[in-house]
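S.K.: Sharing a structure here in structure tokens format.
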Amino acid sequence: MKALTQLTFPSFSCVVHQEAKNGKACCGDSYYVDEYGGDYFVVAIADGLGSGLEARSASEKAISLVHQRHYLPVTELVSHINTQLFGTRGVVFAVVKFFPQHGYAEFSGVGNIVFTLYASTGKRTRMLSLPGYLDGRRAQIRKERFAYTLGDRFVMYSDGIVPRAEWADVFQTVNTPLEGLNAIRHMWKAQNDDITVIVGG
């Protein structure tokens with residue numbers, strides 16, 4: 001199963017590539033993208049541990065909690081999700097809140113979700129989640145803040161792919177997130193796992 005979804009908001013747009021692990025009927029990843037009144041927008045990926053329906057159930061629960069509590073600071077949001085996932089298979093998870101009017105964004109993640117910003121200045125900023133996963137047990141959670149300007153490109157992805165250094169050149173030349181995604185998906189090496197990739201800007 002492969003799905004390509006384009007989303008457009010007043011301040012930015014993005015495109016999402018999602019693909020289930022070989023042989024599985026559903027993808028164990030879930031994602032969230034939304035904008036709130038021009039004040040901020042939120043991008044998140046939850047990757048349910050393992051694959052299949054149980055993984056999907058856990059990741060969907062995490063993403064439903066993002067929808068309910070998007071207004072929380074990112075560390076409080078991740079902590080809340082962790083407590084609510086007790087009894088599930090668990091997820092690795094990352095969220096970014098962008099505040100374009102203030103020129104910055106904030107990231108928090110646990111597990112192997114990766115976020116990279118490709119600024120229009122040519123600077124690359126890579127955010128790495130802390131080790132672990134969310135399943136109701138104690139988790140180490142932190143926040144990172146970085147500069148963000150409308151028009152900067154970003155990519156966020158689960159561990160189903162291996163990135164390439166050449167992506168930096170791609171995001172300096174493409175005009176739209178769709179062009180960027182189409183370019184990099186010919187480059188990445190796919191793992192035998194669920195895949196979710198979000199390209200925005």
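The values are calculated or read from the model by the stated rules, or taken from the named source; none is laboratory data. No experiment lies behind these values; they were computed from the predicted model shown. Neighbour counts are summed over all protein chains in view; Cβ atoms, including those assigned to glycine, are modelled from backbone coordinates with ideal geometry. We work out accessible area using only protein heavy atoms, side chains counted, and drop any ligands, DNA or RNA first. Shrake-Rupley method; radii C 1.70, N 1.55, O 1.52, S 1.80 Å.
S.K.: For Arg153, all conditions in the list (1) among the basic types (Lys, Arg); (2) more than 17 Å from Val92 (Cα to Cα); (3) free of Cβ contacts under 8 Å to residues at least 40 places away in the same chain hold save one; what is the number of the exception?
M.R.: So the condition that Arg153 fails would be (3).
S.K.: Take the conditions in contact with a helix residue (DSSP H, G or I) (Cβ under 6 Å, 6 or more places away or on another chain) and crowded, with 17+ Cβ neighbours inside 10 Å and apply them to Ser108. Does it pass?
M.R.: Taking the combined requirement at face value, the residue satisfies it.
S.K.: Which of the following residues is under 18 Å from Ile141 (Cα atoms) and either of a type in the set (Val, Ile, Thr) or in contact with a Pro (Cβ under 7 Å, 6 or more places away or on another chain) (or both): Val33, Val74, Val16?
M.R.: Val74
S.K.: If I ask for residues that are in a loop (DSSP other than H, G, I, E, B) and within 14 Å of the chain's Cα centre (by Cα), which ones from segment 183-201 would you list?
M.R.: Residues satisfying the conditions are Asp194, Gly201.
S.K.: Then there is this: Within segment 149-166, track down each residue that is surrounded by fewer than 15 Cβ atoms within 10 Å (Cβ to Cβ), on the phi < 0 side of the Ramachandran plot, not in a strand (DSSP E or B) and not hydroxyl-bearing (Ser, Thr, Tyr).
M.R.: Result: Leu150, Arg164, Ala165, Glu166.
S.K.: Considering only residues of segment 100-114 that are closer than 15 Å to Val43 by Cβ and touching a residue at least 60 places away in the same chain (Cβ under 8 Å), which is farthest from the chain's Cα centre (by Cα)?
M.R.: Pro100
S.K.: List the pairs whose first member sits in segment 188-201 and is more than 9 Å from Val155 (Cα to Cα) and open to solvent by less than 10 Å² (accessible area, probe 1.4 Å), whose second member is in a strand (DSSP E or B) and among the β-branched types (Val, Ile, Thr), and whose Cβ atoms are under 9 Å apart, counting only residues at least 6 apart or on separate chains?
M.R.: Close Cβ pairs (under 9 Å, with a partner that is in a strand (DSSP E or B) and among the β-branched types (Val, Ile, Thr)) amount to Ile195/Ile161; Thr196/Val16; Thr196/Ile45.
S.K.: Could you tell me whether Ala119 is hydrophobic (A, V, I, L, M, F, W, C) and open to solvent by 30 Å² or more (accessible area, probe 1.4 Å)?
M.R.: No; evaluated as a whole, the condition is false for this residue.
Let's see how each residue does on (1) out of contact with any Pro (no Cβ under 6 Å at 6 or more places or on another chain); (2) assigned to a loop (DSSP other than H, G, I, E, B); (3) among the charged types (D, E, K, R); (4) open to solvent by 20 Å² or more (accessible area, probe 1.4 Å):
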site	(1), (2), (3), (4)
Arg126	yes, no, yes, yes
Ala139	yes, yes, no, yes
Arg142	yes, yes, yes, yes
Ala168	yes, no, no, yes
Leu181	yes, no, no, no
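S.K.: Residues of segment 25-69 being out of contact with any helix residue (DSSP H, G or I) (no Cβ under 8 Å at 6 or more places or on another chain) and either without any contact (Cβ under 8 Å) to a residue 12 or more places away in the chain or hydroxyl-bearing (Ser, Thr, Tyr) (or both), which ones?
M.R.: Tyr36, Gly37, Tyr40, Ser51, Ser57, Ser59, Ser64, Gln68
S.K.: Of the conditions (1) touching a residue at least 40 places away in the same chain (Cβ under 8 Å); (2) open to solvent by less than 50 Å² (accessible area, probe 1.4 Å); (3) of a type in the set (A, V, I, L, M, F, W, C); (4) more than 23 Å from Gly52 (Cβ to Cβ), Val174 clears all except one; give me its number.
M.R.: (1)
S.K.: Hey, another quick one. Test Phe146 against the criterion of being within 18 Å of Val197 (Cα to Cα), touching a strand residue (DSSP E or B) at 6+ places or on another chain (Cβ under 6 Å) and either modelled with pLDDT under 95 or part of a strand (DSSP E or B) (or both), and give yes or no.
M.R.: no
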